[in-house]
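The block underneath contains the structure these notes are about, expressed in structure tokens.
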Amino acid sequence: MSSKPKLSSPLASKVVALSESRQLDVLASLCERRQATVIRIPLISIEDSPDQVAVLEWVEAFVTDPPDYLIILTGEGLRRLLSAAKRHNLESKFVDTLAKVCKICRGPKPARVLKEIDVSVEHFGTEPTTTGIIEALESLQLEGARVGVQLYGEDPNQQLMDYLTSRHPQGCSSVSPYIYRSNSDAEKVEELILKMFADEIDFIAFTSMPQVRRLFSVADKAGLRPKLMAGLAKTKIAAVGPVVAELLDTYGCEVSAMPASSYFMKPLVRAMEAKCIDIENQSHISS
């Protein structure tokens with residue numbers, strides 16, 4: 001099969017660092033097709049939870065005694081629950097139960113997975129954040145209800161769980177079907193930091209919070225936090241959505257490019273293109 005033709009793009013000749021892992025090839029291809037130079041530095045890998053017994057127990061309980069509501073935070077988490085169900089010959093029952101339960105999705109990614117299995121979504125968060133989920137839950141009758149929650153990584157999401165407790169459900173059962181692990185070795189991450197400090201990178205793109213935390217963790221262990229901050233100030237930072245952008249803000253980083261509404265890879269690349277155009281327009285005005 002022939003490769004797709006190159007596109008004329010404001011990203012042409014730009015150097016873009018990608019910290020994505022799961023969809024690294026997809027994101028890299030989108031950038032390379034636009035004639036950008038890509039530096040692949042996957043900071044985090046995603047793996048099944050090592051506690052598969054707990055995941056299976058949750059799946060079994062879900063199909064035998066379903067909750068009234070299921071809160072789905074990530075598409076990745078839902079995919080891994082489906083995979084766990086399939087490994088134990090429970091996929092059909094799991095999908096049937098999903099269709100019957102009232103589902104609240106944090107954002108469009110879980111909804112996309114549900115659509116693949118012909119299951120519709122009853123409610124969305126008002127925005128794809130924990131706060132957005134909580135705002136959506138305000139209108140639902142949770143008192144005395146049973147609630148299931150798909151968490152992710154090793155984040156207990158205390159804000160959400162505390163809120164659910166305050167609504168006095170009959171029960172609340174959570175599951176974390178995957179975890180994050182460090183991917184690229186620290187030496188490569190340190191090299192990335194020094195490249196940004198030397199102003200050799202135009203954009204760095206982040207697609208999850210653990211990527212941001214790993215970058216700063218490596219910098220701190222190597223005594224490179226000052227150079228990282230200086231490098232990020234020189235580099236245009238792209239965030240896939242508001243959750244990642246908010247975390248970057250807590251580190252004192254300014255996000256230059258973010259999709260307006262659809263928080264996926266292609267809109268992320270388009271946001272970077274739009275930033276390039278904005279910079280070019282500003283340079284024309286100033287000159």
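Here are the numbers for the structure shown:
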| item | result |
| --- | --- |
| Failed item in (1) at pLDDT below 95; (2) under 18 Å from I41 (Cβ atoms), with A238 passing the rest | (1) |
| Residue count for the range 175-191, restricted to those that are surrounded by fewer than 17 Cβ atoms within 10 Å (Cβ to Cβ) and in contact with a helix residue (DSSP H, G or I) (Cβ under 7 Å, 6 or more places away or on another chain) | 2 |
| Members of the range 1-33 found to be part of a loop (DSSP other than H, G, I, E, B), over 22 Å from M196 (Cα atoms), out of contact with any strand residue (DSSP E or B) (no Cβ under 8 Å at 6 or more places or on another chain) and not small (G, A, S), listed by number | M1, K4, P5, K6, L7, Q23 |
| Counted residues, the range 247-268 - those being within 23 Å of F197 (Cα to Cα) and either in contact with a strand residue (DSSP E or B) (Cβ under 6 Å, 6 or more places away or on another chain) or of a type outside the set (G, A, S) (or both) | 11 |
| Residue within the range 167-178 that is under 17 Å from the mean Cα position of the chain (by Cα), more than 24 Å from K100 (Cβ to Cβ) and of a type in the set (F, W, Y) present | yes |
| Unmet criterion (only one of (1) at pLDDT below 95; (2) in contact with a strand residue (DSSP E or B) (Cβ under 9 Å, 6 or more places away or on another chain)) for V244 | (1) |
| Matching option when the condition is more than 13 Å from the chain's Cα centre (by Cα), β-branched (V, I, T) and surrounded by fewer than 21 Cβ atoms within 10 Å (Cβ to Cβ), among I71, I46, I39 | I39 |
| Tally, over the range 60-80, of residues that are over 28 Å from S139 (Cβ atoms) and touching a residue at least 60 places away in the same chain (Cβ under 8 Å) | 1 |
| Any hit, the range 144-155, residues being surrounded by fewer than 17 Cβ atoms within 10 Å (Cβ to Cβ) and touching a strand residue (DSSP E or B) at 6+ places or on another chain (Cβ under 7 Å) | yes |
| Every residue from the range 163-190 that is farther than 25 Å from P66 by Cα and basic (K, R) | R181, K188 |
| Listing of helices (runs of 4 or more DSSP H) fully contained in the range 191-287 that carry 3 or more residues being in contact (Cβ under 8 Å) with a residue 24 or more places away in the chain and closer than 20 Å to E127 by Cβ | 242-250, 265-286 |
| Some residue of the range 23-34 being without any contact (Cβ under 8 Å) to a residue 12 or more places away in the chain, charged (D, E, K, R) and over 29 Å from G132 (Cα atoms) | yes |
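Conditions tested, residue by residue: (1) assigned to a strand (DSSP E or B); (2) in contact (Cβ under 8 Å) with a residue 12 or more places away in the chain; (3) closer than 22 Å to A245 by Cβ; (4) not basic (K, R).
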| site | (1), (2), (3), (4) |
| --- | --- |
| K109 | no, yes, yes, no |
| V113 | no, yes, no, yes |
| V121 | no, yes, no, yes |
| E127 | no, yes, yes, yes |
| I133 | no, yes, yes, yes |
| Q141 | no, no, no, yes |
| G144 | no, yes, no, yes |
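The values are calculated or read from the model by the stated rules, or taken from the named source; none is laboratory data. What you see is a predicted model, and the numbers here were worked out from it, not measured in a lab. In this analysis, Cβ positions are derived from the backbone assuming ideal geometry, glycine residues included, and neighbour counts consider all displayed protein chains.
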